[in-house]
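As structure tokens, the structure follows; a few thoughts come after it.
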Amino acid sequence: MSTSDSADNSLIDGGTHDVLVIGGGVSGLMAATFTARAGLDTIVVNDGESILRRNAHVENLPGFPAGVNPRLFADMLQAQATGNGADHVSGTVTELTGSLKEGFTAMVETEHATSKLNADRVIISSWSDVSYLSSLPVDIRDAGSKQYIETDALGRSTVDGIYAAGRLTEKYHQAVIAAGDGAETAITLIHDSETPFYNDWVAPEGYFTDRGRDVPPGCEEISATEKRARERASMAAMQEYFEEPHSDRQRTHPSLVDDPLGRVPTDE
Ligand SMILES: Cc1cc2nc3c(=O)[nH]c(=O)nc-3n(C[C@H](O)[C@H](O)[C@H](O)COP(=O)(O)OP(=O)(O)OC[C@H]3O[C@@H](n4cnc5c(N)ncnc54)[C@H](O)[C@@H]3O)c2cc1C
């Protein structure tokens, strides 16, 4: 499955989402996973390809001691966000307007239409496009051909209700850093909304309650049976992911080949 396969553009329906994530690359999908798991109605709009898909073999991600195909990893991140309840639209955000008080509206260009998408809060993770922010007072730093969004240490931009994560905030250019930044920014957003302090932990049954404590917000205690069921499901899913080499073609810099996504011919 490639990222675009799971997009459902009928989700742009005029309703208001709790969180709009602009950019479904590493930071955006990690942010969406956290906000969706916190019970916030989350929608991701992504217009193309995480820059990570240009990599040939990622060898510095936590949990992959032998490395991993970057296109497979991007698909797994997508599946993790949607599996935890985030919706996904394939389109380009061309304008963002509004405020925390009145809500935000994004203009989203999809293959066949331009539609409005409404959200209470927005996470921007659209490396490297900030053009759609021109009508909002979001502080942006010009650095030659690149532009970076100014945030506080936890991902809040200079506009209340708008957050930013990933390379677009001038973080170091590694996937684990983008993922961590997406998670941190999402938790900041969760804390800023009505949600109580949030951990997002899964603990064994009794871990809190056998000590006379309530299960904290965003935590879960699961039984040994449930733990085994989840482990088995995880093993089956990972076996499926790693059964065959990934079918997507290698990407390179788009300026090097005659393909808008930088796909090179297969060599096998
Ligand atoms: C050749 C290459 C090799 C690399 N190798 C490694 C490596 O080995 N290890 C490592 O840790 N890192 C590596 N990186 C870096 C890593 O890919 C990035 O640091 C990481 O992907 C940044 O995550 P991000 O979420 O900020 O941006 P991205 O993952 O690029 O995500 C941004 C997303 O926003 C979307 N978007 C942009 N504008 C809009 C818009 N207007 N509307 C909707 N969507 C939009 C884009 O299509 C994209 O999907 C490599 C990068 C390259 C180029």
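The values are calculated or read from the model by the stated rules, or taken from the named source; none is laboratory data. Since the structure is predicted, the reported quantities are computational estimates derived from the model, not experimental observations. Cβ coordinates were reconstructed from backbone atoms using ideal geometry, including for glycine residues, and neighbour counts include every protein chain displayed.
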(request) Exactly one condition in (1) buried (at least 17 other Cβ atoms within 10 Å of the Cβ); (2) within 13 Å of the ligand (Cβ to nearest atom) is not met by Y172; state its number. (result) (1)
(request) Identify all residues within the stretch 117-155 that are closer than 16 Å to I187 by Cα and either in contact with a strand residue (DSSP E or B) (Cβ under 6 Å, 6 or more places away or on another chain) or among the aromatic types (F, W, Y) (or both); write none if there are none. (result) D120, R121, V122, I123, I124, T151, G155
(request) Tally the residues that are surrounded by 15 or more Cβ atoms within 10 Å (Cβ to Cβ) and farther than 18 Å from T33 by Cα, restricting the search to the stretch 217-241. (result) 3
(message) So W201 ticks every box in (1) away from the ligand (no atom under 16 Å from the Cβ); (2) surrounded by 15 or more Cβ atoms within 10 Å (Cβ to Cβ) but one. Which box is left unticked?
(response) (2)
(request) Could you give me the residue pairs with C-beta distances under 9 Å whose first residue belongs to the stretch 45-63 and is farther than 18 Å from R167 by Cα, whose second residue is among the hydrophobic types (A, V, I, L, M, F, W, C) and near the ligand (Cβ under 6 Å from one of its atoms) wherever it lies, and which are 6+ apart or on separate chains? (result) P62/V176
(request) Could you check, for the stretch 150-170, whether at least one of its residues is among the basic types (K, R), assigned to a loop (DSSP other than H, G, I, E, B) and closer than 16 Å to S50 by Cβ? (result) no
(request) Please verify whether the stretch 91-100 includes one or more residues that are closer than 20 Å to L189 by Cα, of a type outside the set (S, T, N, Q) and under 12 Å from the mean Cα position of the chain (by Cα). (result) no
(message) For the stretch 12-30, give me each residue that is in a helix (DSSP H, G or I) and either more than 15 Å from the ligand (Cβ to nearest atom) or modelled with pLDDT under 95 (or both).
(response) none
(request) Give the number of residues within the stretch 186-221 that are within 30 Å of L100 (Cβ to Cβ), without any contact (Cβ under 8 Å) to a residue 24 or more places away in the chain and assigned to a helix (DSSP H, G or I). (result) 1
(request) Identify the single condition in (1) closer than 21 Å to P62 by Cβ; (2) within 12 Å of the ligand (Cβ to nearest atom) that A164 does not satisfy, given that it satisfies every other one. (result) (1)
(message) Take the residues in the stretch 53-87 that are within 11 Å of the ligand (Cβ to nearest atom) and under 12 Å from the mean Cα position of the chain (by Cα); name whichever of them is surrounded by the fewest Cβ atoms within 10 Å (Cβ to Cβ).
(response) L77
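Quickly run through the stretch 31-47 and pick out the residues that are of a type in the set (V, I, T) and either out of contact with any helix residue (DSSP H, G or I) (no Cβ under 8 Å at 6 or more places or on another chain) or within 12 Å of the ligand (Cβ to nearest atom) (or both). Steps first, answer last, please.
Taking the stretch 31-47 as the starting set, the residues that turn out to be of a type in the set (V, I, T) are 33, 35, 42-45.
Within the stretch 31-47, I43, V44, V45 meet the criteria.
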(message) Here is a list: S50, S115, S99. Which entry is within 10 Å of the ligand (Cβ to nearest atom) and out of contact with any His (no Cβ under 9 Å at 6 or more places or on another chain)?
(response) S50
(message) All but one of (1) within 11 Å of the ligand (Cβ to nearest atom); (2) among the small types (G, A, S); (3) surrounded by 18 or more Cβ atoms within 10 Å (Cβ to Cβ) hold for S131; state the number of the condition that does not hold.
(response) (3)
